[in-house]
1. What is the one condition in (1) touching a helix residue (DSSP H, G or I) at 6+ places or on another chain (Cβ under 9 Å); (2) of a type outside the set (Phe, Trp, Tyr); (3) under 28 Å from Arg224 (Cα atoms) that Leu75 does not satisfy?
2. Just name the residue that is nearest to Glu165 (Cα to Cα) out of those in segment 131-154 that are charged (D, E, K, R) and in contact with a strand residue (DSSP E or B) (Cβ under 8 Å, 6 or more places away or on another chain).
3. Looking only at segment 92-130, count how many residues are more than 17 Å from Glu165 (Cβ to Cβ), within 23 Å of the chain's Cα centre (by Cα) and of a type in the set (Gly, Ala, Ser).
4. Going by the structure shown, is Gly130 among the small types (Gly, Ala, Ser) and on the phi > 0 side of the Ramachandran plot?
5. Mind listing whichever residues of segment 142-179 are polar (S, T, N, Q) and part of a strand (DSSP E or B)?
6. Could you list all residues from segment 48-71 that are in contact with a strand residue (DSSP E or B) (Cβ under 7 Å, 6 or more places away or on another chain) and either over 22 Å from Gly132 (Cβ atoms) or buried (at least 20 other Cβ atoms within 10 Å of the Cβ) (or both)?
7. How about segment 184-210: which of its residues are assigned to a loop (DSSP other than H, G, I, E, B) and touching a helix residue (DSSP H, G or I) at 6+ places or on another chain (Cβ under 9 Å)?
8. Can you pull out the residues in segment 145-184 that are without any contact (Cβ under 8 Å) to a residue 60 or more places away in the chain and touching an Asp or Glu at 6+ places or on another chain (Cβ under 7 Å)?
Amino acid sequence: MDKLLTLLATFSLGLGAMAQQDAFLEDFVEIKANEHHFYTHKYAISAGEFNEFLKFWNDISILQLSDKAAILPALVNKEDAEKYLEHISDTYLTHFRLPTETEWELAAKGTSAPKRAKGLRCVDCTKPNGNGLHGMLGNVWEWTSTPEPEGDERYFIIKGGDYQERPKSLSPKTRFAVSKDMEDMNIGFRSVADAQSLEATLQINKANAIVKTLLPNEDITIHRHNMQIGEIAMDFGDTPPESFPITVDEDTHQIIFCCMQNFEFEQDGALEIERVIHIGLPFDFDPSQLSLAKELEQLAKQLMETQNE
(Lines give C-alpha, C1' and ligand atoms only; values in the text may rest on other atoms or scores of the structure.)
Protein backbone atom coordinates (compact mmCIF):
# COMPACT_ATOMS: atom_id res chain seq x y z
CA MET A 1 0.00 0.00 0.00
CA ASP A 2 2.82 2.41 0.84
CA LYS A 3 4.33 1.97 -2.63
CA LEU A 4 1.01 2.83 -4.28
CA LEU A 5 0.55 5.94 -2.16
CA THR A 6 4.11 7.04 -2.89
CA LEU A 7 3.52 6.77 -6.63
CA LEU A 8 0.24 8.68 -6.37
CA ALA A 9 1.23 11.33 -3.85
CA THR A 10 3.43 13.42 -6.10
CA PHE A 11 0.76 15.19 -8.00
CA SER A 12 -1.67 17.77 -7.24
CA LEU A 13 -0.55 19.09 -10.62
CA GLY A 14 -3.96 20.12 -11.91
CA LEU A 15 -4.38 17.57 -14.69
CA GLY A 16 -8.08 16.74 -14.95
CA ALA A 17 -7.92 13.42 -16.80
CA MET A 18 -4.89 12.30 -14.79
CA ALA A 19 -6.65 13.18 -11.55
CA GLN A 20 -9.62 11.02 -12.54
CA GLN A 21 -7.33 8.09 -13.23
CA ASP A 22 -5.59 8.55 -9.90
CA ALA A 23 -8.92 8.60 -8.05
CA PHE A 24 -9.71 5.17 -9.48
CA LEU A 25 -6.22 3.70 -9.11
CA GLU A 26 -5.94 5.05 -5.58
CA ASP A 27 -8.51 2.47 -4.47
CA PHE A 28 -6.22 -0.46 -5.20
CA VAL A 29 -4.44 -2.24 -2.37
CA GLU A 30 -1.12 -4.05 -2.71
CA ILE A 31 -1.12 -7.73 -1.72
CA LYS A 32 2.25 -9.42 -1.45
CA ALA A 33 2.64 -12.95 -0.08
CA ASN A 34 5.19 -15.57 -1.04
CA GLU A 35 5.36 -15.63 -4.85
CA HIS A 36 2.12 -13.64 -5.21
CA HIS A 37 2.30 -9.90 -5.84
CA PHE A 38 -0.77 -8.10 -7.12
CA TYR A 39 -3.17 -5.24 -6.45
CA THR A 40 -6.88 -5.64 -5.78
CA HIS A 41 -9.64 -3.08 -5.58
CA LYS A 42 -10.92 -2.08 -2.14
CA TYR A 43 -14.51 -2.56 -3.20
CA ALA A 44 -16.65 -4.85 -5.31
CA ILE A 45 -17.66 -3.14 -8.57
CA SER A 46 -20.85 -1.18 -7.92
CA ALA A 47 -24.08 -1.31 -9.91
CA GLY A 48 -23.53 2.35 -10.82
CA GLU A 49 -20.05 1.67 -12.21
CA PHE A 50 -21.32 -1.28 -14.21
CA ASN A 51 -24.23 0.80 -15.53
CA GLU A 52 -21.80 3.45 -16.81
CA PHE A 53 -20.02 0.67 -18.69
CA LEU A 54 -23.33 -0.38 -20.29
CA LYS A 55 -24.00 3.24 -21.32
CA PHE A 56 -20.60 3.41 -22.98
CA TRP A 57 -21.53 0.44 -25.16
CA ASN A 58 -25.12 1.66 -25.72
CA ASP A 59 -26.35 -1.57 -24.17
CA ILE A 60 -30.13 -2.00 -24.18
CA SER A 61 -30.02 -3.49 -20.67
CA ILE A 62 -29.11 -0.12 -19.06
CA LEU A 63 -31.04 0.41 -15.84
CA GLN A 64 -32.33 3.61 -14.29
CA LEU A 65 -30.73 3.38 -10.87
CA SER A 66 -31.56 5.33 -7.75
CA ASP A 67 -28.64 6.78 -5.80
CA LYS A 68 -29.08 4.02 -3.23
CA ALA A 69 -29.15 1.24 -5.83
CA ALA A 70 -26.08 2.64 -7.64
CA ILE A 71 -23.79 1.98 -4.67
CA LEU A 72 -24.87 -1.63 -4.23
CA PRO A 73 -22.67 -4.35 -5.78
CA ALA A 74 -23.22 -5.16 -9.46
CA LEU A 75 -24.71 -8.66 -9.80
CA VAL A 76 -23.49 -10.23 -13.05
CA ASN A 77 -22.45 -13.48 -14.69
CA LYS A 78 -18.77 -14.20 -15.28
CA GLU A 79 -18.79 -13.17 -18.94
CA ASP A 80 -20.22 -9.74 -18.17
CA ALA A 81 -17.72 -9.27 -15.35
CA GLU A 82 -14.87 -10.00 -17.76
CA LYS A 83 -16.30 -7.62 -20.38
CA TYR A 84 -16.28 -4.86 -17.79
CA LEU A 85 -12.68 -5.65 -16.83
CA GLU A 86 -11.66 -5.60 -20.49
CA HIS A 87 -13.28 -2.17 -20.81
CA ILE A 88 -11.43 -0.65 -17.86
CA SER A 89 -8.21 -2.32 -19.06
CA ASP A 90 -8.54 -0.35 -22.31
CA THR A 91 -9.43 2.83 -20.40
CA TYR A 92 -6.48 2.73 -17.99
CA LEU A 93 -3.99 0.87 -20.23
CA THR A 94 -3.53 -1.74 -17.51
CA HIS A 95 -4.57 -5.39 -17.59
CA PHE A 96 -7.37 -5.86 -15.04
CA ARG A 97 -8.76 -9.34 -14.42
CA LEU A 98 -10.61 -11.52 -11.94
CA PRO A 99 -8.56 -12.88 -9.04
CA THR A 100 -7.68 -16.53 -8.78
CA GLU A 101 -9.13 -18.35 -5.78
CA THR A 102 -5.72 -18.22 -4.07
CA GLU A 103 -5.40 -14.47 -4.68
CA TRP A 104 -8.90 -13.87 -3.36
CA GLU A 105 -8.10 -15.79 -0.16
CA LEU A 106 -4.86 -13.86 0.33
CA ALA A 107 -6.77 -10.58 -0.03
CA ALA A 108 -9.49 -11.78 2.37
CA LYS A 109 -7.07 -13.03 5.01
CA GLY A 110 -8.06 -11.80 8.45
CA THR A 111 -11.62 -10.83 7.47
CA SER A 112 -14.02 -11.28 10.38
CA ALA A 113 -17.42 -12.93 10.00
CA PRO A 114 -19.96 -10.14 9.42
CA LYS A 115 -23.17 -9.46 11.27
CA ARG A 116 -26.26 -10.81 9.54
CA ALA A 117 -27.80 -8.30 7.14
CA LYS A 118 -31.35 -8.08 5.82
CA GLY A 119 -30.19 -7.41 2.28
CA LEU A 120 -27.37 -6.21 0.09
CA ARG A 121 -25.19 -3.48 1.55
CA CYS A 122 -23.39 -0.77 -0.39
CA VAL A 123 -19.88 -1.64 -1.57
CA ASP A 124 -18.17 0.52 1.05
CA CYS A 125 -20.63 0.11 3.95
CA THR A 126 -18.82 -2.73 5.68
CA LYS A 127 -15.81 -2.38 7.92
CA PRO A 128 -12.53 -3.00 6.02
CA ASN A 129 -10.42 -6.05 6.78
CA GLY A 130 -6.73 -5.93 7.71
CA ASN A 131 -5.79 -5.32 4.07
CA GLY A 132 -8.21 -2.39 3.78
CA LEU A 133 -10.74 -4.29 1.63
CA HIS A 134 -14.50 -3.94 2.12
CA GLY A 135 -17.26 -6.52 1.81
CA MET A 136 -15.14 -9.64 1.45
CA LEU A 137 -17.57 -11.80 3.45
CA GLY A 138 -21.34 -11.88 3.76
CA ASN A 139 -22.49 -9.30 1.21
CA VAL A 140 -22.19 -10.88 -2.25
CA TRP A 141 -20.41 -13.90 -3.60
CA GLU A 142 -17.50 -12.86 -5.87
CA TRP A 143 -16.28 -14.43 -9.09
CA THR A 144 -12.79 -15.88 -9.39
CA SER A 145 -10.99 -17.14 -12.49
CA THR A 146 -10.45 -20.59 -10.97
CA PRO A 147 -12.37 -23.39 -12.76
CA GLU A 148 -13.89 -26.30 -10.87
CA PRO A 149 -12.87 -28.96 -11.64
CA GLU A 150 -9.51 -27.84 -13.00
CA GLY A 151 -9.57 -27.58 -16.78
CA ASP A 152 -13.39 -27.39 -17.00
CA GLU A 153 -14.26 -23.95 -18.37
CA ARG A 154 -17.98 -24.28 -17.58
CA TYR A 155 -17.89 -23.95 -13.79
CA PHE A 156 -15.94 -21.51 -11.66
CA ILE A 157 -15.32 -20.89 -7.97
CA ILE A 158 -17.14 -18.05 -6.25
CA LYS A 159 -15.99 -16.80 -2.85
CA GLY A 160 -17.14 -14.90 0.20
CA GLY A 161 -20.77 -15.84 0.62
CA ASP A 162 -23.72 -13.46 0.41
CA TYR A 163 -25.92 -11.83 3.03
CA GLN A 164 -28.27 -14.86 3.07
CA GLU A 165 -25.59 -17.17 4.48
CA ARG A 166 -25.19 -17.78 8.21
CA PRO A 167 -22.38 -15.37 9.20
CA LYS A 168 -20.64 -17.92 11.42
CA SER A 169 -20.34 -20.29 8.45
CA LEU A 170 -18.33 -17.76 6.42
CA SER A 171 -14.55 -17.49 6.22
CA PRO A 172 -11.96 -16.66 3.53
CA LYS A 173 -12.04 -20.39 2.67
CA THR A 174 -15.79 -20.37 1.91
CA ARG A 175 -16.26 -21.51 -1.70
CA PHE A 176 -18.88 -22.71 -4.13
CA ALA A 177 -18.73 -23.79 -7.78
CA VAL A 178 -21.32 -22.42 -10.20
CA SER A 179 -21.90 -22.19 -13.93
CA LYS A 180 -20.18 -19.21 -15.53
CA ASP A 181 -23.62 -18.21 -16.86
CA MET A 182 -25.19 -18.13 -13.39
CA GLU A 183 -27.36 -15.05 -12.88
CA ASP A 184 -29.80 -16.24 -10.22
CA MET A 185 -27.44 -15.77 -7.27
CA ASN A 186 -25.98 -12.69 -5.64
CA ILE A 187 -22.61 -12.79 -7.41
CA GLY A 188 -20.46 -9.70 -7.87
CA PHE A 189 -16.78 -9.17 -8.61
CA ARG A 190 -13.77 -6.98 -7.95
CA SER A 191 -10.79 -6.18 -10.15
CA VAL A 192 -7.21 -7.35 -9.76
CA ALA A 193 -4.03 -6.27 -11.56
CA ASP A 194 -0.54 -7.75 -11.57
CA ALA A 195 1.85 -5.55 -9.60
CA GLN A 196 4.24 -4.85 -12.48
CA SER A 197 1.41 -3.78 -14.80
CA LEU A 198 -0.29 -1.41 -12.37
CA GLU A 199 2.95 0.10 -11.07
CA ALA A 200 4.10 0.78 -14.65
CA THR A 201 0.83 2.62 -15.31
CA LEU A 202 1.31 4.71 -12.18
CA GLN A 203 4.88 5.53 -13.22
CA ILE A 204 3.69 6.60 -16.68
CA ASN A 205 0.95 8.80 -15.19
CA LYS A 206 3.45 10.36 -12.83
CA ALA A 207 5.99 10.94 -15.62
CA ASN A 208 3.37 12.64 -17.82
CA ALA A 209 2.26 14.85 -14.94
CA ILE A 210 5.87 15.95 -14.43
CA VAL A 211 6.32 16.61 -18.17
CA LYS A 212 3.24 18.87 -18.15
CA THR A 213 4.64 20.78 -15.19
CA LEU A 214 8.15 21.18 -16.63
CA LEU A 215 7.15 21.77 -20.27
CA PRO A 216 3.53 23.02 -20.23
CA ASN A 217 3.64 24.35 -23.78
CA GLU A 218 5.03 21.20 -25.39
CA ASP A 219 3.03 18.33 -26.91
CA ILE A 220 4.83 15.42 -25.24
CA THR A 221 3.30 12.18 -24.01
CA ILE A 222 5.08 9.20 -22.51
CA HIS A 223 3.56 5.79 -23.19
CA ARG A 224 4.42 2.30 -21.98
CA HIS A 225 6.77 1.52 -24.89
CA ASN A 226 7.48 4.87 -26.48
CA MET A 227 7.23 8.65 -26.33
CA GLN A 228 5.22 10.91 -28.60
CA ILE A 229 6.77 14.33 -29.19
CA GLY A 230 4.52 16.28 -31.50
CA GLU A 231 4.21 14.04 -34.55
CA ILE A 232 7.40 12.12 -33.74
CA ALA A 233 7.16 8.72 -32.04
CA MET A 234 10.33 7.38 -30.44
CA ASP A 235 10.40 3.80 -29.20
CA PHE A 236 12.35 3.02 -26.07
CA GLY A 237 14.00 0.28 -28.11
CA ASP A 238 15.55 2.96 -30.37
CA THR A 239 17.60 4.25 -27.44
CA PRO A 240 21.33 3.53 -27.72
CA PRO A 241 22.70 1.16 -25.05
CA GLU A 242 24.65 3.93 -23.32
CA SER A 243 21.63 6.24 -23.05
CA PHE A 244 18.18 6.35 -21.50
CA PRO A 245 15.00 7.78 -23.06
CA ILE A 246 15.21 11.00 -21.03
CA THR A 247 18.36 12.62 -19.72
CA VAL A 248 18.86 15.89 -17.88
CA ASP A 249 21.74 18.23 -18.62
CA GLU A 250 22.25 20.08 -15.35
CA ASP A 251 24.64 22.62 -16.88
CA THR A 252 22.38 23.79 -19.71
CA HIS A 253 19.12 23.04 -17.86
CA GLN A 254 17.77 20.98 -20.71
CA ILE A 255 15.76 17.77 -20.82
CA ILE A 256 16.89 15.63 -23.75
CA PHE A 257 14.41 13.15 -25.18
CA CYS A 258 16.19 10.33 -26.96
CA CYS A 259 16.26 9.31 -29.70
CA MET A 260 15.46 10.00 -33.31
CA GLN A 261 17.34 7.77 -35.69
CA ASN A 262 19.08 9.37 -38.63
CA PHE A 263 20.94 7.45 -41.31
CA GLU A 264 24.18 8.68 -42.93
CA PHE A 265 25.93 7.11 -45.85
CA GLU A 266 29.55 7.42 -46.82
CA GLN A 267 31.55 5.91 -49.62
CA ASP A 268 34.54 3.69 -48.88
CA GLY A 269 35.92 2.77 -52.25
CA ALA A 270 33.32 0.61 -53.96
CA LEU A 271 31.40 0.14 -50.70
CA GLU A 272 28.68 2.40 -49.38
CA ILE A 273 28.63 2.34 -45.56
CA GLU A 274 25.47 3.10 -43.62
CA ARG A 275 25.73 4.62 -40.15
CA VAL A 276 22.93 5.16 -37.67
CA ILE A 277 23.06 8.48 -35.87
CA HIS A 278 20.94 8.96 -32.73
CA ILE A 279 19.68 12.51 -32.27
CA GLY A 280 18.21 13.74 -28.99
CA LEU A 281 15.58 16.48 -28.82
CA PRO A 282 16.45 19.10 -26.14
CA PHE A 283 13.94 21.24 -24.26
CA ASP A 284 14.76 24.02 -21.81
CA PHE A 285 13.28 23.89 -18.31
CA ASP A 286 13.21 26.25 -15.35
CA PRO A 287 16.42 25.71 -13.30
CA SER A 288 14.37 25.89 -10.08
CA GLN A 289 12.69 22.63 -11.13
CA LEU A 290 15.88 20.61 -11.45
CA SER A 291 14.84 18.06 -8.81
CA LEU A 292 11.58 17.41 -10.67
CA ALA A 293 13.49 16.99 -13.93
CA LYS A 294 15.83 14.47 -12.28
CA GLU A 295 12.80 12.57 -11.00
CA LEU A 296 11.46 12.39 -14.56
CA GLU A 297 14.82 11.09 -15.75
CA GLN A 298 14.74 8.32 -13.12
CA LEU A 299 11.16 7.35 -13.96
CA ALA A 300 12.01 7.03 -17.66
CA LYS A 301 15.01 4.85 -16.79
CA GLN A 302 12.82 2.56 -14.69
CA LEU A 303 10.24 2.29 -17.45
CA MET A 304 12.81 1.30 -20.06
CA GLU A 305 14.40 -1.24 -17.73
CA THR A 306 10.95 -2.73 -17.09
CA GLN A 307 10.39 -3.18 -20.82
CA ASN A 308 13.71 -5.00 -21.14
CA GLU A 309 13.00 -7.50 -18.33
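1. Of everything listed in (1) touching a helix residue (DSSP H, G or I) at 6+ places or on another chain (Cβ under 9 Å); (2) of a type outside the set (Phe, Trp, Tyr); (3) under 28 Å from Arg224 (Cα atoms), Leu75 misses just condition (3).
2. Top of the filtered list is Glu142.
3. So the count comes out to 2.
4. So Gly130 does not fit the description; no.
5. If the condition is that a residue be polar (S, T, N, Q) and part of a strand (DSSP E or B), then Thr144, Ser145, Thr146, Ser179 are the ones that fit.
6. Ala70
7. Result: Phe189, Arg190, Ser191.
8. Correct list: Thr146, Pro147, Tyr155, Ile157, Ile158, Lys159, Gly160, Ala177.
The values are calculated or read from the model by the stated rules, or taken from the named source; none is laboratory data. If you're wondering where the values come from, they're calculated on a predicted model, not measured in any experiment. Here the Cβ is made from the backbone with ideal geometry for all residues, glycine too, and neighbour counts use every protein chain on show.
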